[in-house]
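Peer 1: Sending over a structure as structure tokens; questions will come in a sec.
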Amino acid sequence: MEKIKIQPKKLPAKLAVLISGRGTNLQAIIDGIKGGEINATIEIVISNNPNAYGLERAKQANIPTKVIDHREFSTREDHERAILSVLAPLDIDLIVLAGYMRILTPLFIRPYYGRIINIHPALLPAFPGTHAQKQALEYGVRISGCTTHFVDEGTDTGPIILQKAVYVRQDDTEETLSQRILKYEHILMKKTIQLFCEGRLTLDGRKVIIEGIKSIEELGL
């Protein structure tokens, strides 16, 4: 399979962020841009949930928002067509799923493949889907963590970009483990977007090559 260089057309990179809830990863991106950690702008924040607090975070940062409620559409594809119609004129470089709780169909993924990233609160390929931390605790793992990956047509099956391990404590609950992992979600999300902005990511089949390092240890995550 041909290697695909993943990079923005020009800088600052144009981001679209899709959310469904609190928007803590969105806030991390906003703060990362403001603090000079990410060379990008957020062109729009889109939510399928009109009550998502992340919309308020975006408004406080003067970022345009759009609610496209999935309940108003008869199929996933119709809902995604509505999102795509909003994205089309914005010339978006990277779509960031930041707590977006909808599974995307090939209709959405194919035109943007290699330009959609997601954050997942487990060490993929273990524990895909929802309630990953609960799955990890029930399985009895000693180490969990989080993963950023490119989105493909499966559920949390896309090529892995970055991962961070988090030790599981014997008295952990789903809530306590989630909170510790969330801290590193924010770190990984910001670093992944900046690697994209720097043009350091190459897709080689299932493998993501990060230019300039031999191991992600060198990123100091």
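Peer 1: Pick out which of 99, 35, 23 has the largest mean-square fluctuation in a Gaussian network model of the chain, springs linking Cα atoms closer than 10 Å.
Peer 2: Looking only at 99, 35, 23, the largest GNM fluctuation is found for 35.
Peer 1: Now for a separate question. Of 51, 79, 39, which is farthest towards the positive pole of the chain's charge dipole, taken about the Cα centre with +1 and -1 on the beta-carbons of Lys, Arg and Asp, Glu respectively?
Peer 2: Of the candidates, 39 comes out farthest on the positive side.
Peer 1: Of all alpha-carbon pairs in segment 133-218, indicate the percentage at a distance above 22 angstrom.
Peer 2: Percent of Cα pairs beyond 22 Å in segment 133-218: 34.
Peer 1: Which three extents, in angstrom, do the Cα atoms of the chain have along their principal axes, listed largest first?
Peer 2: Answer, in whole Å and largest first: 48, 40, 36 Å.
Peer 1: May I ask you to derive the relative contact order of the chain, considering only C-alpha pairs under 8 Å and at least 6 residues apart, and to give it as an integer percent?
Peer 2: 23
Peer 1: With +1 on the Cβ of every Lys and Arg and -1 on the Cβ of every Asp and Glu, and nothing else charged, how large is the dipole of the chain about its Cα centre, in debye rounded to the nearest 20?
Peer 2: 360
Peer 1: Okay, next question. For a Förster distance of 35 Å, can you work out the FRET efficiency between the beta-carbons of residue 31 and residue 110, rounded to the nearest 0.05?
Peer 2: Plugging the Cβ-Cβ distance into 1/(1 + (r/R0)^6) gives 0.65.
Peer 1: Hey, got a sec? Which trypsin sites (Lys or Arg not before Pro) in segment 178-209 land in a DSSP loop and have at most 14 other Cβ atoms within 10 Å?
Peer 2: Listed in order of number, the matching sites are 206.
Peer 1: Could you work out the local net charge near residue 196, counting Lys and Arg as +1, Asp and Glu as -1, over the other residues with Cβ closer than 14 Å to its Cβ?
Peer 2: Taking every Cβ under 14 Å from that of residue 196, the sum is +4.
Peer 1: Suppose we keep just the DSSP beta bridges with both residues in segment 36-177; what percent of those would be antiparallel, to 5?
Peer 2: Once the DSSP bridges in segment 36-177 are tallied, antiparallel ones form about 65 percent.
Peer 1: Kindly provide the GluC sites (Glu not before Pro) of segment 127-178 that DSSP labels as loop, not H, G, I, E or B, and whose Cβ sees at most 15 other Cβ atoms within 10 Å.
Peer 2: Those that pass, being in a loop and sparsely packed, are 153.
Peer 1: Filter the trypsin sites (Lys or Arg not before Pro) in segment 87-158 to those in DSSP coil with at most 10 other Cβ atoms within 10 Å of their Cβ, and list the result.
Peer 2: Those that pass, being in a loop and sparsely packed, are 142.
Bear in mind that the values in this text are calculations on the coordinates, not laboratory data. Note that the coordinates shown come from a computational prediction; the quantities given were computed from them, not determined experimentally. Every residue, glycine among them, receives a Cβ derived from its backbone with ideal geometry; neighbour counts consider all protein chains shown.
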